[in-house]
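To start, the structure itself, in structure tokens.
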Amino acid sequence: MMAIKPFADFEGIDSMKILKLIFDFLRKFFSSKTGKKVAAGAGAVGAAGAVVGGVQVHNAKKRNRLAEHIKDSAIKRIDESKVETEKVLSELGNIEIAVLGSFSDLADAVEKIQQRPEINTEIDGIELPTYDPVAHKKLAAEVEVAIVGAGGAIAGTAVGLAAMGVGVLAMGPGILAAGIVICVSGTKMAKRSAENLKQAKQIEKDSKDITAYYEELRLAAKKYRQALSSVKGQFDKHLKSLQKIVAKKTDWSLFTAKERLITKNTLTLACLLDKMCQIRLVVKSAQSESMETVNNFEIDRAIADANNALAAVKNTVA
């Protein structure tokens, strides 16, 4: 092995000569067998460090891409479920719009009846609002104003009516035109961060809760649409019969027993439809961070009332 001179031997030599001696020493050392082994070892350590670092960067990028993929897939499922749900709600809402619009025709027919007594619209076990032709005309007008004010956006108005009931009309045309939010959590999902797999998997978990809620809402809307359609079908038949009656006579005292029954049942069905259109399918949570719920209790009770009412009036007209 090479011998190194003690620093005392360099006394009296200027700095440039000292540096030259050091460089000469290093050159000779790394040219020797021992020096080459040292250099090779240092290079191997550096190369290994570089490989480890490269693998870590690659894995980090891979995890980030996976996190983004999980988030994107979750958002896609939510969006698809939302579109499907709004389609069902729109179909239900369109029926409600037609119902409320027909209230004006009913009011016109009823107002033609002279000496009309206060007609009892009660059905055992069912709480119904009192028939008021003025209130029904107002409802019909509010729906028309809402649609016109929303720029003709019937779809937005229909979804809003189905989800929130006729009370949504008080929110104004601007809200209906913009669209009623039926799931706040779903709209916020795209803004949530997915910087790592933990966050992405939480988004995926939450997306399953949101799509489950949408599915529950769709099922509720479908069965409610069926019940509302059944009542509307009977109401349309009764309204048509009542219009034919008042086209021939308007004096209540001249109405036959059957004509009076038709009048009573028409108003009863109208009150039932009024009540059904007030039901909101979506219940907003009192806590801003909590998800909405489906109003299953009120929905099921309204459907039961509809079935009972139909059983009581179905044989009135052919």
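Just so you know, all these numbers are worked out from the coordinates, no wet-lab data involved. The structure presented is a predicted model; accordingly, all values stated were derived computationally and were not measured. When we count neighbours, we look across all protein chains shown, and the Cβ atoms used for this are built from the backbone with ideal geometry, even at glycine.
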Quiz item: Based on the mean of other beta carbon atoms within 10 Å per residue, what is the order of 278-285, 263-270, most packed first?
Solution: 263-270, 278-285
Quiz prompt | residue 258/residue 135 FRET efficiency (R0 22 Å; Cβ-Cβ; nearest 0.05) | solution = 0.20
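Over region 76-313, what is the relative contact order in whole percent, taking alpha-carbon pairs under 8 Å and six or more residues apart? Mind showing how you got there, number by number?
Details: 283 pairs, mean separation 71.1, N = 238.
Result for region 76-313 is 30 percent.
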Exercise. Let me have the relative contact order for region 194-318, percent, based on Cα pairs under 8 Å that are six or more residues apart.
Key: 32
Exercise. Would you please state the base-10 log of I(q)/I(0) at q = 0.08, 0.12, 0.14 1/Å for region 76-313, with intensities from the Debye formula using one equal scatterer on every alpha carbon?
Key: -0.36, -0.71, -0.90
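Ranked from highest to lowest mean number of other Cβ atoms within 10 Å per residue, what is the order of the peptides 118-127, 210-219?
Values: 118-127: 12.8, 210-219: 18.3.
Result, highest mean Cβ count within 10 Å first: 210-219, 118-127.
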Practice problem: State whether region 99-164 is rounded, prolate or oblate according to the following rule on the C-alpha gyration tensor (a ≥ b ≥ c being the square roots of its eigenvalues): a/c under 1.5 gives rounded; otherwise a/b larger than b/c gives prolate, and the remaining case gives oblate. | Solution: oblate
